[in-house]
Amino acid sequence: MACATTFTSSSFSLKLRNSNLNINKSNCFQFQKSFVSLNNPCFLAEPQFSIVSNRHSISRSQSIFNGFKCFVQKSEPSVSVDSRIDAEESLERLVVLVVGGGGREHALCHALKRSPSCDAVFCAPGNAGISSSEDATCISDLDIFDSSAVIAFCRQWGVGLVVVGPEAPLVSGLANNLVKAGIPTFGPSSKAAALEGSKNFMKSLCDKYNIPTAKYKTFTEPSAAKEYILEQGAPIVIKADGLAAGKGVIVAMTLEEAYEAVDSMLVKNVFGIAGCCVIVEEFLEGEEVSFFALVDGENAIPLESAQDHKRVGDGDTGPNTGGMGAYSPAPILTKELRSIVMESIILPTVEGMSAEGCKFVGVLFAGLMIEKKSGLPKLIEYNVRFGDPECQVLMVRLESDLAQVLLAACRGELTGVTLDWSPGSAMVVVMASKGYPGSYEKGTVIQNLEESELVAPSVKIFHAGTALDSDGNFIVTGGRVLGVTATGKDLAEARDRAYQAVQEINWSGGFYRRDIGWRALPLKQ
């Protein structure tokens with residue numbers, strides 16, 4: 001069966017492991033590929049292809065997919081993720097598609113590119129930084145909310161694993177459709193994604209399965225919510241039930257702020273349908289920390305610890321954001337606390353979701369509060385994807401073959417899997433547009449990024465909100481724009497390297513917090 005596809009983007013670059021061929025086009029190339037079988041999990045085996053332009057034609061019998069090797073899947077495949085094994089010879093070869101286009105996805109592409117068993121990485125839609133760094137081949141015109149288009153792309157290019165980064169495609173059911181089409185997908189079904197898509201669903205699950213969380217009530221009427229707030233007093237937390245791009249949580253320090261938050265959601269509809277139901281939650285005093293676990297539907301294994309900074313200003317002041325920086329490991333998450341989190345929060349959630357008929361496959365990102373008065377963890381919220389910017393520090397420390405680990409989760413084979421991590425620390429400092437998380441200017445130019453990455457061998461800049469202008473300059477397209485990441489023998493060294501790299505970047509329209517890691521390190525004078 002033959003299939004022809006025309007790429008109409010202004011540039012298209014395909015990077016393959018074990019291949020020296022780089023295809024760039026200025027006009028229009030047509031790729032014609034022969035498929036052995038669309039039902040084969042690898043799909044491509046020595047296809048014929050031709051590259052056609054208005055100036056020349058090149059034909060080869062030997063495929064550009066020399067690095068793609070098809071393996072017959074056994075009924076009970078054995079997966080090894082020990083980084084000490086020669087993965088090039090013993091592991092199943094994979095082509096991976098990462099869905100999304102932010103800093104989290106850039107970090108995932110970077111880790112997958114380093115995976116010994118990964119032959120090629122695509123990212124849709126991706127961003128300018130992912131493409132420029134050659135961490136993946138970006139497919140900017142693939143509609144990630146059109147499941148049929150994503151499935152067609154996967155079949156066309158022999159994708160053996162899809163990793164869904166953002167929450168919105170998961171909630172809309174992308175994983176459901178990919179799995180139904182027989183494409184291994186790391187990410188939960190739309191029903192399971194309700195753990196993030198509906199805070200009321202998450203809270204109800206906590207009630208039913210005795211998972212420790214803050215006391216709460218759910219409301220759809222402003223007057224009833226305000227009456228409850230008056231009874232409880234301030235400070236108190238108001239949350240939009242649905243997805244609100246990380247901005248649907250308001251920590252109200254006064255009753256007036258709480259009332260205003262309720263009105264903004266239930267009366268003014270500032271978050272649309274996401275705010276038509278609100279959760280009024282008790283204010284927990286303590287230290288927030290992020291906890292990640294990979295889940296295969298029945299089993300869960302923890303990732304290394306990480307801690308982020310949600311508030312926009314130094315000293316954790318100002319409004320909440322998507323995250324202004326993070327570091328790993330997080331000293332507050334001791335070995336004892338990690339065990340408690342797994343036993344009291346993560347495993348009951350996995351078992352509860354399975355009992356409710358919506359097995360969870362993917363990464364559980366638990367936002368925790370280590371209570372000051374008890375020293376014990378309580379669940380604040382669940383996200384059903386890697387956190388951003390925590391993903392950045394985790395991915396630069398991960399030494400295992402990420403592609404094989406995620407494939408094992410998709411196949412329900414996490415039992416016995418262990419992960420290898422670098423022994424040092426990592427830190428990411430987020431550079432954001434001035435005005436964020438409010439309104440901000442787009443189109444400002446960022447310079448000296450290459451020079452910044454050269455200040456230390458451990459520096460990596462992950463792009464979240466960038467594009468290239470007609471002159472080839474990086475310009476701003478979002479609120480959180482760059483994740484300047486560095487590793488070191490300890491957190492102090494990682495911090496020094498990250499901030500040294502930040503200071504090399506020339507961007508008058510940006511700002512950053514100067515105290516990332518302050519809870520774990522004394523501030524430098």
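The values are calculated or read from the model by the stated rules, or taken from the named source; none is laboratory data. Keep in mind it's a predicted model, so treat the numbers as computed, not measured. Heads up, the Cβs are rebuilt from the backbone with ideal geometry, glycines too, and the neighbour counts pull from every protein chain shown. When the accessible area is computed, the model is the full protein with side chains, heavy atoms only, and any ligands, DNA or RNA have been set aside. Shrake-Rupley method; radii C 1.70, N 1.55, O 1.52, S 1.80 Å.
The residues of region 325-349 that are open to solvent by 10 Å² or more (accessible area, probe 1.4 Å) and in contact with a Lys or Arg (Cβ under 9 Å, 6 or more places away or on another chain), listed by number, are PRO329, PRO331, ILE332.
Could you tell me whether any residue of region 344-361 is within 14 Å of LEU303 (Cα to Cα) and either among the small types (Gly, Ala, Ser) or in a strand (DSSP E or B) (or both)? No; the residues of region 344-361 include none that is within 14 Å of LEU303 (Cα to Cα) and either among the small types (Gly, Ala, Ser) or in a strand (DSSP E or B) (or both).
Restricting ALA486, ALA498 to residues that are in contact (Cβ under 8 Å) with a residue 24 or more places away in the chain and over 20 Å from GLY322 (Cβ atoms) narrows the list to ALA486.
Would you point out the residue of region 367-376, among those that are surrounded by fewer than 23 Cβ atoms within 10 Å (Cβ to Cβ) and in contact (Cβ under 8 Å) with a residue 60 or more places away in the chain, that is farthest from ILE236 (Cα to Cα)?
Narrowing region 367-376 to residues surrounded by fewer than 23 Cβ atoms within 10 Å (Cβ to Cβ): 367, 369-376.
Narrowing the set further to residues that are in contact (Cβ under 8 Å) with a residue 60 or more places away in the chain leaves 367, 369-373, 376.
On the way: GLY367: 17, MET369: 15, ILE370: 17, GLU371: 15, LYS372: 16, LYS373: 17, LEU376: 20 Å.
This residue is LEU376.
Within region 384-399, restricting attention to residues that are of a type outside the set (A, V, I, L, M, F, W, C) and crowded, with 20+ Cβ neighbours inside 10 Å, which residue is farthest from LYS199 (Cα to Cα)? Across region 384-399, the extreme among qualifying residues is ARG397.
Quick check on SER439: is it without any contact (Cβ under 8 Å) to a residue 12 or more places away in the chain and among the small types (Gly, Ala, Ser)? It is true that SER439 is without any contact (Cβ under 8 Å) to a residue 12 or more places away in the chain and among the small types (Gly, Ala, Ser).
Annotation note: Cβ proximity below 8 Å between a residue of region 324-350 that is of a type in the set (D, E, K, R) and a residue that is open to solvent by 30 Å² or more (accessible area, probe 1.4 Å) and outside any helix (DSSP H, G or I) (sequence gap 6+ or interchain) occurs for ARG338/PRO302.
I want to confirm something. Restricting to region 283-314 and keeping residues that are part of a strand (DSSP E or B) and open to solvent by 60 Å² or more (accessible area, probe 1.4 Å), which single residue is nearest to ASP420 (Cα to Cα)? Restricting to residues being part of a strand (DSSP E or B) and open to solvent by 60 Å² or more (accessible area, probe 1.4 Å), the top hit is GLU288. Checking each residue in region 454-467 for being surrounded by fewer than 19 Cβ atoms within 10 Å (Cβ to Cβ) and not in a loop (DSSP other than H, G, I, E, B) picks out only ALA467.
Checked against the criterion of being without any contact (Cβ under 8 Å) to a residue 40 or more places away in the chain, open to solvent by 30 Å² or more (accessible area, probe 1.4 Å) and not in a loop (DSSP other than H, G, I, E, B), the candidates ALA224, ALA258 yield just one match: ALA224.
Could you go through region 306-324 and let me know if any residue there is in contact with a helix residue (DSSP H, G or I) (Cβ under 8 Å, 6 or more places away or on another chain), modelled with pLDDT of 95 or more and not basic (Lys, Arg). Checked against the condition, which is being in contact with a helix residue (DSSP H, G or I) (Cβ under 8 Å, 6 or more places away or on another chain), modelled with pLDDT of 95 or more and not basic (Lys, Arg), region 306-324 yields no hits at all. Kindly indicate whether THR349 is at pLDDT below 95 and not small (Gly, Ala, Ser). In short, no. Under the condition of being surrounded by fewer than 23 Cβ atoms within 10 Å (Cβ to Cβ) and of a type in the set (A, V, I, L, M, F, W, C), the residues counted in region 179-193 number 3. Restricting attention to region 345-377, the residues being within 21 Å of GLY197 (Cβ to Cβ) and of a type in the set (Lys, Arg) number 1.
Which members of region 99-113 meet the condition of being in a helix (DSSP H, G or I) and closer than 18 Å to LEU142 by Cα? Steps first, answer last, please.
Within region 99-113, the first condition is being in a helix (DSSP H, G or I), and the residues that meet it are 103-113.
Within region 99-113, GLU105, HIS106, CYS109 meet the criteria.
Which ones in region 200-221 are part of a loop (DSSP other than H, G, I, E, B) and open to solvent by less than 20 Å² (accessible area, probe 1.4 Å)? Of everything in region 200-221, those that are part of a loop (DSSP other than H, G, I, E, B) and open to solvent by less than 20 Å² (accessible area, probe 1.4 Å) turn out to be ILE211, ALA214. For ALA234, state whether it is in contact with a strand residue (DSSP E or B) (Cβ under 8 Å, 6 or more places away or on another chain) and in a helix (DSSP H, G or I). Here the answer is no, as ALA234 does not meet what is asked.
Any residue at all in region 404-411 that is modelled with pLDDT of 95 or more, within 30 Å of ARG93 (Cα to Cα) and open to solvent by 10 Å² or more (accessible area, probe 1.4 Å)? Checked region 404-411: at least one residue is modelled with pLDDT of 95 or more, within 30 Å of ARG93 (Cα to Cα) and open to solvent by 10 Å² or more (accessible area, probe 1.4 Å). When the residues of region 468-482 are filtered to those that are assigned to a strand (DSSP E or B) and within 9 Å of LYS442 (Cβ to Cβ), the one that is most open to solvent (accessible area, probe 1.4 Å) is ILE475. Could you go through region 137-153 and let me know if any residue there is within 25 Å of TYR382 (Cα to Cα), in a loop (DSSP other than H, G, I, E, B) and without any contact (Cβ under 8 Å) to a residue 40 or more places away in the chain. Yes - at least one qualifying residue is present in region 137-153.
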